[in-house]
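Q: I am attaching a structure below and will ask some questions about it afterwards.
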Amino acid sequence: MKKVLYILSELSTRDIDWMLEVGKRLEIPAGSEVIKENQEIDALYIVLDGSLSVCVAALGAKEIATIGSGQVLGEMSFVDSRPPSATVTAIEKSLILAIPKAELNAKLQEDVLFSLRFYRAIAKFLSNRLRGTFSSLAPNEEKSESAEVIEENLTLAASRFDELLQVLKDK
């Protein structure tokens, strides 16, 4: 599932328009590092297309995950202001939307409602990631009623992501 949908499901159309306005469309060549472990980053990234590898030095630079379209990068560093705990490298030519950290912080300070929606979205995103980790340890968990409501919200978010992709691919 596209993890960015958890974020887009919480944001308004105006919020997404702002992200498109300030975000920078970056084409990342295969083999290029987007994020380097323990080095500050200056943006929050949304992967629009392509595939990226996540590696951790403490594990011998072993790949721990593959990131694809609809995934978000740099959210943990954005939330806790600590350097990234992994290196992210493009496996193939990739397209990402980079939302500058300084502009995002300014928007969060000046627009209280955006701030509320944004942090709620990040909280849902991180909660979903943690639940995914837990469910991989106990895979026979039944689907709850709240999971069905979340899926309905994600349908709207999916159409927003498709619109976002179209706008950025046409630039």
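The values are calculated or read from the model by the stated rules, or taken from the named source; none is laboratory data. If you're wondering where the values come from, they're calculated on a predicted model, not measured in any experiment. Cβ sites come from the backbone with ideal geometry, for glycine too, and all protein chains shown count toward neighbours. The accessibility values were calculated without ligands, DNA or RNA, using every heavy atom of the protein model including side chains. Shrake-Rupley method; radii C 1.70, N 1.55, O 1.52, S 1.80 Å.
Q: Out of (1) over 18 Å from Phe161 (Cα atoms); (2) in contact (Cβ under 8 Å) with a residue 24 or more places away in the chain, the odd one out for Ile64 is which?
A: Among (1) over 18 Å from Phe161 (Cα atoms); (2) in contact (Cβ under 8 Å) with a residue 24 or more places away in the chain, Ile64 violates only (2).
Q: Then there is this: Identify, from the list Leu108, Leu130, the residue that is of a type in the set (A, V, I, L, M, F, W, C), modelled with pLDDT of 90 or more and closer than 21 Å to Leu5 by Cα.
A: Selected residue: Leu108, the only one of Leu108, Leu130 that is of a type in the set (A, V, I, L, M, F, W, C), modelled with pLDDT of 90 or more and closer than 21 Å to Leu5 by Cα.
Q: To continue, here is another question. So for segment 39-46 (the condition being modelled with pLDDT of 90 or more and more than 19 Å from Ile122 (Cβ to Cβ)), does at least one residue qualify?
A: Within segment 39-46, one or more residues are modelled with pLDDT of 90 or more and more than 19 Å from Ile122 (Cβ to Cβ).
Q: Could you grab me the full set of residues in segment 56-72 that are outside any loop (DSSP other than H, G, I, E, B) and either open to solvent by less than 10 Å² (accessible area, probe 1.4 Å) or among the small types (Gly, Ala, Ser) (or both)? Write out each step before concluding.
A: If we filter segment 56-72 for residues that are outside any loop (DSSP other than H, G, I, E, B), which is where we start, we get 56-59, 62-68, 72.
Selection gives Ala57, Ala58, Ala65, Gly68, Val72.
Q: Still on this structure, I have one more. So which of Leu26, Leu20 ends up being over 23 Å from Ser159 (Cβ atoms) and more than 12 Å from the chain's Cα centre (by Cα)? Let's see the steps before the verdict.
A: Values: Leu20 fails: over 23 Å from Ser159 (Cβ atoms).
Criteria check complete, one pass: Leu26.
Q: Restricting attention to segment 70-83, does a residue exist that is in contact (Cβ under 8 Å) with a residue 24 or more places away in the chain, among the small types (Gly, Ala, Ser) and under 21 Å from Ala157 (Cα atoms)?
A: yes
Q: Please give the strands (runs of 3 or more DSSP E) falling wholly within segment 1-55 in which 3 or more residues are in contact with a Leu (Cβ under 8 Å, 6 or more places away or on another chain).
A: Strands (runs of 3 or more DSSP E) meeting the threshold: 24-28, 43-49.
Q: Tell me yes or no: at least one residue of segment 112-123 is modelled with pLDDT of 75 or more, among the polar types (S, T, N, Q) and either within 13 Å of Glu10 (Cα to Cα) or surrounded by 14 or more Cβ atoms within 10 Å (Cβ to Cβ) (or both).
A: Yes, there is a match, as at least one residue in segment 112-123 is modelled with pLDDT of 75 or more, among the polar types (S, T, N, Q) and either within 13 Å of Glu10 (Cα to Cα) or surrounded by 14 or more Cβ atoms within 10 Å (Cβ to Cβ) (or both).
Q: Between Ile7, Ile16, which is surrounded by 17 or more Cβ atoms within 10 Å (Cβ to Cβ), within 17 Å of Ala123 (Cβ to Cβ), of a type outside the set (Lys, Arg) and at pLDDT below 95?
A: Step by step, each of Ile7, Ile16 is checked, and only Ile7 is surrounded by 17 or more Cβ atoms within 10 Å (Cβ to Cβ), within 17 Å of Ala123 (Cβ to Cβ), of a type outside the set (Lys, Arg) and at pLDDT below 95.
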